[in-house]
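Notes for the one structure printed next.
The values are calculated or read from the model by the stated rules, or taken from the named source; none is laboratory data. Just so it is clear, the structure is predicted and the values come from calculations on it, not from any experiment. Backbone-built Cβ (ideal geometry, glycine too); neighbour counts: all protein chains shown.
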Amino acid sequence: MDSSLFITLFAGVATGVAVSLAAFFLYNRQLKRTASGMIENARLDADRITLEAKRESETLKTAALTEAREELTRRRDSAEQDIRNARADVERLEKRQEEQRREIDKRRSEIDTRDRTLQQREQALAGRESTIAERQARAEAVVTEAETRAAAILVERQKVLEDVAQLTPDEARAEILRQAEETARGEALAIARDLKEAARRGAEKEARKVIALAVQRLAAEHTAETTVSAVPLPSDELKGRIIGREGRNIRAFETATGCDLIIDDTPDTVAVSCFDPIRREVGRRTLAALIADGRIHPGRIEELVAKLRKELEAELVEAGERAAFDVGVNGLHPEVIKLIGRMKYRTSYGQNILEHSKEVAWLAAMMAAELKLDVNLARRGGLLHDIGKVLTHDSEGTHVELGVEVATKYGEKKTIIGCIAAHHDDVPHETVESVLVQAADAISGSRPGARRESYDTYVKRLVKLEEIANSFAGVEKSNVIQAGREIRVVVTPEKVDDLAAAALGESIARRIEGELQYPGQIRVTVIRETRAQSIAK
C-alpha cells in the first residue's frame, strides 16, 4: 500500500473519530441539558398541578357551598310558597264558607218570604172560601125562601083555584107547581148568572193580561211565504219547446213530476198545477231549471226531477231542524222533523203552516211562563199541533186524527198527544198547557193579516152564519159584522126573556162550532130590546 494513501486513510479515520467524539460529547451535553430542562419542567408542572388542584378544590368547595346555599334558599322558598298556598286555601275555604253562609241566609230569607206569601195566599183563599160559603148560604137562603114562598103560594092559589076556577085538586096542584117551578128556576138562574159573570170577569181579566204580555213579546211577520206555481218565461217562443214534438216533453214532465203543466194565452208565463204542494214545488223548480239550462228533452227532464227532488228533501229536513232550533224543541224523531219541514209548503187560509206553528209554540211558551206552567210542554205541543195537515193530501182523516197518529207512532208523550188532539175541542183538555196551545192557535190565526180566504168561501160562510142564527125560535133578524168575526142576533122580547137570551147565545155558538169551519173566533151577541110607543093627539 502506498504511504500517502495510508496517511490519507488514517487522516480520514482520525477525522471521523474526532468528529464522532465531538458529536458524542455534544450529544451528551445536550442530553444533560434536556434532562435538566425536563426535570425543571416536571418540577414546574408539579407545582402548577398542585396549584391547580388547590384552586380546583377551592372552586369545588365554593361551588358546594353555593349549591348548598341555593338548595337551602330553594327549600326555604318552597316552604314559604307552601305556607302561602296553605294560607290561600284557608282563605278560599273561609270565603266559600262565608258565601255558603250568605247563600243559606238568602235561601232562609226566600223561604221566609215564600212562607209569608203562602200565608197571604192561604188567607186570601180562606177569604174566598168564606165569600163562596156566604154566597152559597145566600143562594140556599134564597132557594129556601123561594120554596117557602112557593109552598104558601101553592096553598093560597089552591084555594083560589078551587073556588074561582072550579079546578080539581090535582089540576090546581099541577098549575101551582108549574108556576112555582118557573119562579124558583128564574131566581136560581139569576143567582147562577151573577156568580158566573163575576167569575168570568176575574178570569177574563187575568187571561187578557197573560195574552197581552205574550202578544207584545212575539215579534212575528204579518205575512208568510207561500208556494208559487207560476213560472215566468223569457219569451213565448219557449212554450213550443216546453210542449215538444207531438207533446213528448210536456208528457214526460207531467209523468215525472205528477203535476199538470198549464200552457195558455197568458204572456210569458206557464203555470204548474198540483194538489200536492211538495210535488208542485218540484215541478216549479224543474221547469225553471229547464228554462235556464235550455236543454229540454225527456231524458233531461227525468234527470232534473230526480236531482231536485233529493235537494228538496234535504231542504225539508234542514227547514225542520231550523224550526225546531228556533223554537227550542229538542229530541224530535227524524221523521217528525221531516214532516215539520214539509209544513213550509203547506198553507191554511193563506197562512204558512210552519210559521203559524212556530208562532203558536212561542205564544204558548210565553203564556205558560207567565202562569208558572211547563214551558217545554207548551212549546212542543204548539210546534206539533198542526203536524197532521201535511198528511191530509196522502191519508184519510182530519188533520187532528192524523197528527195524533203520527205523534203516537213516533213516541211522543201523552201530554203532547193531548195538546194535538184537543186544540179543536175534539176531545176534552187533560192539561192546562193544551188549553194554552188552543188559545195560542186562535191568536195566531185571528191576528190581522195572518189568514185570508177566497171571496166565494167568505160569502158562503156569512150566509151560513145568518141561516144558523135565524133558524132558532124567537129570532127576529141577524146581522154579520166585522168581516165575519161577530154576529148580532136581535130577538123578539115577548118570546125571549133575558135568561133565555143568554142560553140562546150559547146554543147558536155551539151550532156554529159544529157546522162551520173558520179561522179565529166568532162572537155571538144576542140583543133583546123593548120599546114603548105612545101617540099624542
_Selection status of Val496, surrounded by 14 or more Cβ atoms within 10 Å (Cβ to Cβ), among the hydrophobic types (A, V, I, L, M, F, W, C), in a strand (DSSP E or B) and not assigned by TED's automatic domain parsing to the domain that holds Val360_ = no
Reported set for segment 98-137 where residues are assigned by TED's automatic domain parsing to the domain that holds Glu181 and either touching a residue at least 24 places away in the same chain (Cβ under 8 Å) or hydroxyl-bearing (Ser, Thr, Tyr) (or both) is Ser130, Thr131, Arg135
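Having 3 or more residues that are under 38 Å from the mean Cα position of the chain (by Cα) and among the hydrophobic types (A, V, I, L, M, F, W, C) is the bar; report the helices (runs of 4 or more DSSP H) wholly within segment 221-330 that clear it.
Working: elements: 237-243, 248-257, 277-293, 298-327.
Answer list for segment 221-330: 277-293, 298-327.
Going by the structure shown, is Arg510 modelled with pLDDT of 85 or more and either farther than 16 Å from Lys460 by Cα or in a helix (DSSP H, G or I) (or both)?
Details: modelled with pLDDT of 85 or more: yes; either farther than 16 Å from Lys460 by Cα or in a helix (DSSP H, G or I) (or both): yes.
Yes, satisfied.
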Within segment 149-168, the residues that are within 15 Å of Gln179 (Cβ to Cβ) and either outside any helix (DSSP H, G or I) or at pLDDT 75 or above (or both) are Leu167
- Taking the stated definitions as given, is Ile353 closer than 25 Å to His423 by Cα, in the same structural domain as Gln438 (by TED's automatic domain parsing), crowded, with 21+ Cβ neighbours inside 10 Å and touching a strand residue (DSSP E or B) at 6+ places or on another chain (Cβ under 9 Å)? yes
Exception for Val390 within (1) at pLDDT 85 or above; (2) surrounded by 24 or more Cβ atoms within 10 Å (Cβ to Cβ) falls at (1)
Cβ pairs under 9 Å, 6+ apart or interchain, first in segment 368-386 and assigned by TED's automatic domain parsing to the domain that holds Ile420 and more than 19 Å from Gly341 (Cβ to Cβ), second of a type in the set (Lys, Arg) and at pLDDT below 85, ordered by first then second residue, are Glu370/Lys209
All conditions in (1) closer than 26 Å to Glu515 by Cα; (2) surrounded by 22 or more Cβ atoms within 10 Å (Cβ to Cβ) are true of Lys358 except (1)
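Could you grab me the full set of residues in segment 513-534 that are at pLDDT 80 or above, in a loop (DSSP other than H, G, I, E, B) and surrounded by fewer than 14 Cβ atoms within 10 Å (Cβ to Cβ)?
Initial filter on segment 513-534 (at pLDDT 80 or above): 513-516, 522-529.
Filter once more, so that each one left must be in a loop (DSSP other than H, G, I, E, B): 516, 522, 529.
Passing the criteria: only Glu529.
Results for (1) without any contact (Cβ under 8 Å) to a residue 12 or more places away in the chain; (2) touching a strand residue (DSSP E or B) at 6+ places or on another chain (Cβ under 6 Å); (3) on the phi > 0 side of the Ramachandran plot; (4) of a type outside the set (A, V, I, L, M, F, W, C), shown as yes or no for each residue.
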site: Gly294; (1), (2), (3), (4): yes, no, yes, yes
site: Leu304; (1), (2), (3), (4): no, no, no, no
site: Ala324; (1), (2), (3), (4): no, no, no, no
site: Gly328; (1), (2), (3), (4): no, no, yes, yes
site: Val336; (1), (2), (3), (4): no, no, no, no
Exercise. Does at least one position in segment 305-326 carry a residue that is small (Gly, Ala, Ser), under 18 Å from Arg241 (Cβ atoms) and either outside the structural domain of Ser235 (by TED's automatic domain parsing) or at pLDDT 85 or above (or both)?
Worked result: no
